[in-house]
Structures are given as structure tokens and as C-alpha cells.
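Only one structure is covered here, and it is reproduced in the block below.
Please treat every number below as a calculation from the coordinates, not as lab data. Computed from a prediction, not measured in an experiment: that's the story for all the values here. Glycine also receives a Cβ, built like all others from the backbone with ideal geometry; neighbour counts cover every protein chain displayed.
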Amino acid sequence: MKWRALIFLLAIPAFCLGFGDGVREHSLREAAQASGILIGTAVRPAQLSEAAYASTLAREFNMLEPEDVLKWETVHPEPQTFDFSQGDEIVDFATRHGMKVRGHTLVWHQQNPKWLTEGKYTSSELAQILEKHIKTVVGHYRGKIFAWDVVNEAFDELRPGKLRSTIWRDQPGIGLAASGSSYIERCFRWAHEADPQALLVYNEAGAEVVNPKSDAIYALVRDFRQRGVPIDGVGFQMHIENLRADVASISANIRRFTALGVQVQITEMDVALPVDPNGNPRPEDLQQQADIYREVANACLSHPGCTAIQTWGFTDKYSWIGWHSKHTQGAAVLLDRNYGAKPAYEALRDVLAAGRR
Ligand code: XIL
């Protein structure tokens with residue numbers, strides 16, 4: 001056989017295994033199998049028709065989460081209309097590929113439709129609207145969505161440890177504004193009634209480390225657990241900026257929450273890098289980014305109660321960081337714009353393959 005023919009024959013299986021697109025050896029999903037940890041990513045249904053997007057998603061992840069299409073503005077576009085078409089597409093994809101689905105999100109101050117925010121509803125009307133929303137959406141996906149971000153980002157950005165002022169809490173709120181976190185408790189109870197099996201999670205930004213915000217969430221979760229309010233987990237979003245992550249503090253935070261008997265899930269990880277006008281990062285930053293993914297994953301795997309690592313998108317082609325930072329930052333996720341593996345991908349896969357310690 002001519003040497004050229006031999007190389008060609010050897011190259012065919014290598015390409016089929018994924019060598020051809022820069023992703024080598026086993027996938028993240030395979031690497032995660034030994035420890036049983038969930039490895040997930042946020043997904044946009046519009047991209048599912050792109051072959052490289054869909055095949056990478058199914059190969060690399062065992063969990064996914066709709067990035068936007070289960071938010072109010074999409075799923076509940078008119079007072080009497082629920083639109084599950086895009087959410088269903090994602091759930092169908094997950095079912096076909098044996099993946100779990102996280103639901104995001106039932107109660108948030110952003111991405112709400114105008115009919116709701118400008119509707120001038122009274123507190124008792126809002127309570128009815130919210131109960132119906134939670135029960136309809138969770139009910140629609142009962143047995144299909146295993147975990148829900150019931151409430152997202154309820155704590156304030158600027159007033160450490162204080163609840164945010166929102167349509168649900170006190171503007172005008174669902175009628176429980178005077179009693180602190182009662183409105184959050186009510187939401188968890190409604191979600192539990194709609195699907196008693198679902199894992200109910202409180203999800204937050206900027207509470208990954210031990211700080212006044214995570215202290216306040218800790219107090220809330222401890223109180224809920226003591227009083228039997230159905231809360232099963234805490235989601236740390238893990239949007240990391242400026243290449244700074246205090247991993248010792250993240251680890252201590254995971255430890256104290258899991259000690260309360262709730263799961264911790266990393267729900268929206270990305271590590272934004274400064275990029276040039278063409279969207280390209282510096283090589284040394286890619287290495288530092290890889291270290292952060294490695295160390296955060298390590299922190300999760302070293303606590304048995306940390307059950308999921310999820311990234312906010314998986315290809316830089318579609319990550320939200322670009323427009324969110326007005327294109328000064330980007331390159332925040334595991335694969336580049338051509339689905340090639342970045343150092344962060346290799347680092348995460350190595351940690352997953354090493355399993356729990
Ligand atoms: C972002 C999405 O990625 C964007 O597509 C959307 O336009 C805005 O929201 N915290 C959250 C997510 O909980 O829902 C946000 O997702 C990112 C910050």
C-alpha cells in the first residue's frame with residue numbers, strides 16, 4: 001500500500017472521533033461519566049439546526065439549559081398565552097440525546113414582557129399571575145425538566161445582603177413585601193406543588209465567594225431548610241471577569257452550603273477575556289482562563305454535594321459576553337468560534353476525567 005493511502009485510511013477514524021475539529025480524545029461528557037457529575041451548557045434553539053452546533057452539544061454535554069426561551073418574555077408573551085414551542089425543541093433535543101434539562105427561570109426582574117411590567121397590576125393580581133405562571137410552566141415540563149432556577153438574582157447588587165426591589169417583592173410585589181423573603185418562599189412552594197419531584201434551586205450572580213451576598217443567601221437557605229420550605233439547591237452563576245477568581249473562597253462557600261444539605265450547582269460559568277477588535281484574545285490569557293476553569297471545576301468535584309458544572313454557552317461564536325461587554329471582552333467559553341478546543345476545554349476535561357477526590 002502506498003504511504004499516502006495508508007495515512008488516508010488512518011485519518012478516517014481519527015476524523016470521525018472528533019480529531020478533525022480540534023476536539024481530541026474523549027469528550028467532556030465521557031470524562032464526566034466516572035464521577036457522575038453533570039456537565040451542562042446553555043442553549044439557543046435557533047442554533048440547533050447548525051450541524052456543528054448540534055453535534056458538539058450532544059457529544060460534549062449530558063445536561064443543557066435554555067439560555068433565554070423559558071424566560072417570561074418568550075414563554076408567556078401575552079397575559080393568556082404561553083408559548084412552549086422553543087422550550088419544547090430544546091427538551092426534545094435533550095431527550096433524543098439522553099441529556100438532562102435544567103429550567104431557567106421562573107422569577108426574575110429581567111426579560112419580563114411589557115404587558116407584565118407596564119400592566120399596573122395590584123399585588124393580589126400579581127400574586128395570581130405569578131402562581132399561574134409558575135404552575136403552568138413547571139407543570140408543562142413535569143418529569144422532563146429535573147431542576148428549576150425558581151428565583152434568580154433576588155439579592156441587590158449595590159446594597160450588600162439586601163433583597164432587590166422588584167415587581168415581585170415590593171413594586172408593588174405579590175403582597176408579602178413586609179415580610180422579607182416570604183415572597184421567595186411562596187414561589188418555591190408553588191413550584192413544589194406543580195412538580196414535587198423537581199429539584200428547586202435558588203440561583204444568584206456574584207455570590208460564588210464568601211461575601212455579604214452569599215452570607216444573606218446562606219441565611220435564607222438555612223431558614224428555609226429549618227422550616228421545611230422546599231429548596232434543594234443553590235446555583236452559583238460563575239460569570240468571571242478580569243481573570244480573577246478566589247478559588248479558596250469559592251471552595252469554602254460550596255462547603256458551607258452543601259453542609260446545609262442542599263446541592264450546589266455551577267450554573268452559568270464563563271471567563272471573559274479582553275479581546276482585540278477582531279475578537280481575538282491574547283494567548284497568555286487563554287492559559288490563565290484554562291487555570292480558572294480547572295480550579296473551579298476542582299473545587300466543585302472536591303465537594304460531594306456539588307453536582308453540576310454548567311457553562312453559559314459552549315462556542316465563542318454565540319456567547320453573550322461579546323455584546324454584553326460591547327465587544328471589549330469575549331472568548332469566554334470552552335470552544336473557539338470554529339468549535340476548536342481551547343486550553344480551557346482541555347483543562348476542564350482533565351479535571352472531569354480525574355473524577356472526585
Ligand atoms: C443572558 C443571555 O445569555 C442573553 O442571551 C440574554 O440576552 C440576556 O440574558 N444571568 C442570568 C442569565 O441568569 O439568564 C443571563 O443570560 C446572564 C446573566
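Let's see how each residue does on (1) surrounded by fewer than 16 Cβ atoms within 10 Å (Cβ to Cβ); (2) under 20 Å from Thr74 (Cβ atoms); (3) acidic (Asp, Glu):
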position: Gly103; (1), (2), (3): no, yes, no
position: Ala127; (1), (2), (3): no, no, no
position: Ile134; (1), (2), (3): no, yes, no
position: Ala147; (1), (2), (3): no, yes, no
position: Val150; (1), (2), (3): no, yes, no
position: Ser165; (1), (2), (3): yes, no, no
position: Trp168; (1), (2), (3): no, yes, no
position: His192; (1), (2), (3): no, no, no
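Is there any pair with a first residue in the stretch 229-240 that is hydrophobic (A, V, I, L, M, F, W, C) and a second that is part of a loop (DSSP other than H, G, I, E, B) and more than 16 Å from the ligand (Cβ to nearest atom) whose Cβ atoms are under 7 Å apart and which are 6 or more apart or on different chains, and what are they?
Ile231/Val262; Val234/Val262
Name the pairs: first residue in the stretch 71-82 and within 20 Å of Asp149 (Cα to Cα), second residue assigned to a strand (DSSP E or B) and within 16 Å of the ligand (Cβ to nearest atom), Cβ to Cβ under 8 Å, at least 6 apart or on different chains?
These pairs meet every condition: Lys71/His104; Lys71/Thr105.
Of all residues in the stretch 73-110 being over 27 Å from Glu60 (Cα atoms), under 18 Å from the mean Cα position of the chain (by Cα) and in a loop (DSSP other than H, G, I, E, B), which is farthest from the ligand (Cβ to nearest atom)?
For the stretch 73-110, the residue satisfying everything is His109.
Are any of the residues in the stretch 328-345 more than 16 Å from the ligand (Cβ to nearest atom), of a type outside the set (D, E, K, R) and either closer than 27 Å to Trp148 by Cβ or free of Cβ contacts under 8 Å to residues at least 24 places away in the same chain (or both)?
For the stretch 328-345, residues more than 16 Å from the ligand (Cβ to nearest atom), of a type outside the set (D, E, K, R) and either closer than 27 Å to Trp148 by Cβ or free of Cβ contacts under 8 Å to residues at least 24 places away in the same chain (or both): absent.
Filter the stretch 284-327 down to residues that are within 16 Å of the ligand (Cβ to nearest atom) and charged (D, E, K, R) and give me whichever is farthest from Arg244 (Cα to Cα).
Per the criteria, the residue is Lys317.
Please return the ranges of strands (runs of 3 or more DSSP E) entirely within the stretch 178-273 where 1 or more residues are of a type in the set (S, T, N, Q) and more than 16 Å from the ligand (Cβ to nearest atom).
263-271
If you go through the stretch 58-70 one residue at a time, how many are away from the ligand (no atom under 15 Å from the Cβ) and either of a type in the set (Asp, Glu) or surrounded by 21 or more Cβ atoms within 10 Å (Cβ to Cβ) (or both)?
4
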